[in-house]
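Engineer: Structure incoming, see below.
The values are calculated or read from the model by the stated rules, or taken from the named source; none is laboratory data. Quantities reported herein were computed from a predicted structural model and do not represent experimental measurements. Positions of Cβ are generated from backbone atoms using ideal geometry, with glycine treated the same way; all protein chains shown enter the neighbour counts. For accessibility, only protein heavy atoms count, side chains too; no ligands or nucleic acids. Shrake-Rupley method; radii C 1.70, N 1.55, O 1.52, S 1.80 Å.
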Amino acid sequence: MAASNYGLMIGVMMISIFLASYTSADPDLLQDVCVADLSSGVKLNGFACKSNISADDFFFAGLAKPASTNNTFGATVSVANVNQINGLNTLGVSMGRVDYAPGGINPPHTHPRATEIVFVLEGELDVGFITTENKLFSKTIKKGEIFTFPRGLIHYQINNGKVPAAAIAAFNSQLPGTQRVANALFASSPTVEDVVLTKAFQVGTKEVEKIKSRLAPKK
Ligand code: GLV
Ligand code: MN
């Protein structure tokens, strides 16, 4: 092969690698719409398309009002993903709303399939994410301000203010997935054996059992 052809080939490969990493969120769509048929037995990457669709398949009012924050963490995440808005299937986006009581926390978690961007509707939040090199990027954000949590990285928000806070979250996935770090390790089913946790966290069985019982799913 001539040297110029090698150059061209390497150029094309580099562009392909760049594009592949640049478009690494949900796959691109192949048609205008593909409203999810959640009841279909067909298994594929996403959901099968429904044949009779209407404007309501693209509509959701579930984030309009604050959710109750009367729970262990003093915060509630309300989601608007493909499960609530079936028309999001194949579109690569979704949203959420988080309401926080004073002192409320959205505990450390990750979204394996999406980058998240949050916009503060009310109040003030201390937010942060941790890189794979264990570097923390944190900031206090106020009403009207935005912060970003890169895909897959552990992040949190806490309302250290004296009044309730609320935020809208947007994701570049129809179904970002959420994995809370503490629940994944201490409240999985079946449970992770104590020795894994005592060694990982350098504590005793008593401490591990205590956390397990606090985080156990409510029956
Ligand atoms: C906030 O981090 C959220 O996932 O809604
Ligand atoms: Mn999040």
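Engineer: What does the extension gain come out to for residue 38 and residue 168, with contour length at 0.36 nm per residue minus their alpha carbon separation?
Structural biologist: Values: separation 130, 0.36 × 130 = 46.80 nm, distance 2.53 nm.
Using 0.36 nm per residue and subtracting the Cα-Cα distance, I get 44.3 nm.
Engineer: A further question on this structure: List the chymotrypsin sites (Phe, Trp or Tyr not before Pro) within segment 52-83 that DSSP assigns to loop and that have no more than 11 neighbouring Cβ atoms inside 10 Å. Can you show the working numbers first?
Structural biologist: Working: sites: 58, 59, 60, 73; in loops: 59, 60, 73.
Sites meeting the loop and neighbour criteria: 59.
Engineer: Take each complete run of DSSP H in the chain, measure how far its Cα atoms stretch along the helix's own axis, and keep only those covering 20 Å or more with mean Kyte-Doolittle hydropathy at least -1.0; list them. Provide the component values of the computation, followed by the final result.
Structural biologist: Numbers: long enough: 3-22 (28 Å, 1.40).
Those that clear 20 Å and a mean of -1.0 are 3-22.
Engineer: Oh, and also: Check cross-link reach from residue 219 to the lysines: straight Cα distance under 26 Å, and skip same-chain residues fewer than eight apart.
Structural biologist: Straight-line reach from residue 219, under 26 Å: 206, 210.
Engineer: Give a quick list of trypsin sites (Lys or Arg not before Pro) in segment 73-155 that DSSP marks as loop, anything other than H, G, I, E or B, with at most 11 other Cβ atoms within 10 Å.
Structural biologist: Numbers: sites: 97, 113, 135, 139, 142, 143, 151; in loops: 113, 135, 143, 151.
Answer by residue number: 135.
Engineer: Moving to a separate point now. In a GNM of the chain with a 10 Å cut-off on Cα contacts, which of 25, 182, 166 has the highest mean-square fluctuation?
Structural biologist: It is 182.
Engineer: Based on the Cα atoms of segment 130-185, what semi-axes does the equivalent ellipsoid have, where each is the square root of 5 times one gyration tensor eigenvalue, given in whole Å with the largest first?
Structural biologist: Details: eigenvalues 86, 47, 36 Å².
Equivalent ellipsoid of segment 130-185: 21, 15, 13 Å, largest first.
Engineer: With loop defined by DSSP as not H, G, I, E or B, and exposure as at most 12 other Cβ atoms within 10 Å, which is the longest segment of the chain clear of exposed GluC sites (Glu not before Pro)? Before the final figure, lay out each step's value.
Structural biologist: On the way: sites that count: 133, 193.
Longest stretch, sites excluded: 1-132.
Engineer: Continuing with the same structure: Springs between alpha-carbon pairs under 10 angstrom, Gaussian network model over the chain: which of 87, 204, 144 fluctuates most?
Structural biologist: 204
Engineer: Specify, per residue and in Å³, the volume enclosed by the convex hull of the alpha carbon atoms belonging to segment 84-128.
Structural biologist: Numbers: hull volume 5.0 nm³, N = 45.
Per residue, the Cα convex hull of segment 84-128 comes to 112 Å³.
Engineer: For the chain, give the magnitude of the charge dipole about the Cα centre (Cβ charges: +1 Lys/Arg, -1 Asp/Glu; no others), in debye to the nearest 20. Don't jump to the answer; show the numbers that get you there.
Structural biologist: Details: 19 positive and 17 negative charges, 139 e Å.
In total the dipole reaches around 660 debye.
Engineer: Once neighbouring chains are kept in place and the probe is 1.4 Å, which whole percent of the accessible area of the chain is contributed by carbon and sulfur? Each step should come with its number before you reach the end.
Structural biologist: Numbers: 8330 of 13740 Å².
That fraction is 61 percent.
Engineer: Checking the cross-link filter: which lysines have an alpha carbon closer than 18 Å to that of residue 162, excluding same-chain neighbours under 8 positions apart?
Structural biologist: The reachable lysines, counting only those whose Cα sits under 18 Å from residue 162, are 139, 142, 143.
Engineer: For the chain, set up a GNM with springs between Cα atoms under 10 Å and report which of 131, 191, 178 has the largest fluctuation.
Structural biologist: Highest fluctuation of the listed residues: 191.
Engineer: What relative contact order, as a whole-number percentage, does the chain give when Cα pairs under 8 Å and 6 or more residues apart are counted? Present the calculation step by step, with values, prior to reporting the outcome.
Structural biologist: Numbers: 425 pairs, mean separation 41.3, N = 219.
Normalised by residue count, the contact order of the chain is 19 percent.
Engineer: Counting only heavy atoms of the protein chains, get the accessible area per residue of the chain (1.4 Å probe) and round it to a whole Å² value. It would help to have the intermediate numbers written out before the result.
Structural biologist: Numbers: 13740 Å² over 219 residues.
For the chain, the solvent-accessible area averages 63 Å² per residue.
Engineer: Could you tell me the calculated FRET efficiency between residue 145 and residue 192, based on Cβ-Cβ distance and R0 = 35 angstrom, to the nearest 0.05?
Structural biologist: Numbers: r = 37 Å, r/R0 = 1.07.
The pair residue 145/residue 192 has a calculated efficiency of 0.40.
Engineer: Project the alpha carbons of segment 3-175 onto their principal axes and report the range along each, largest first, in whole Å.
Structural biologist: Computed over the Cα atoms, the extents are 66, 47, 27 Å.
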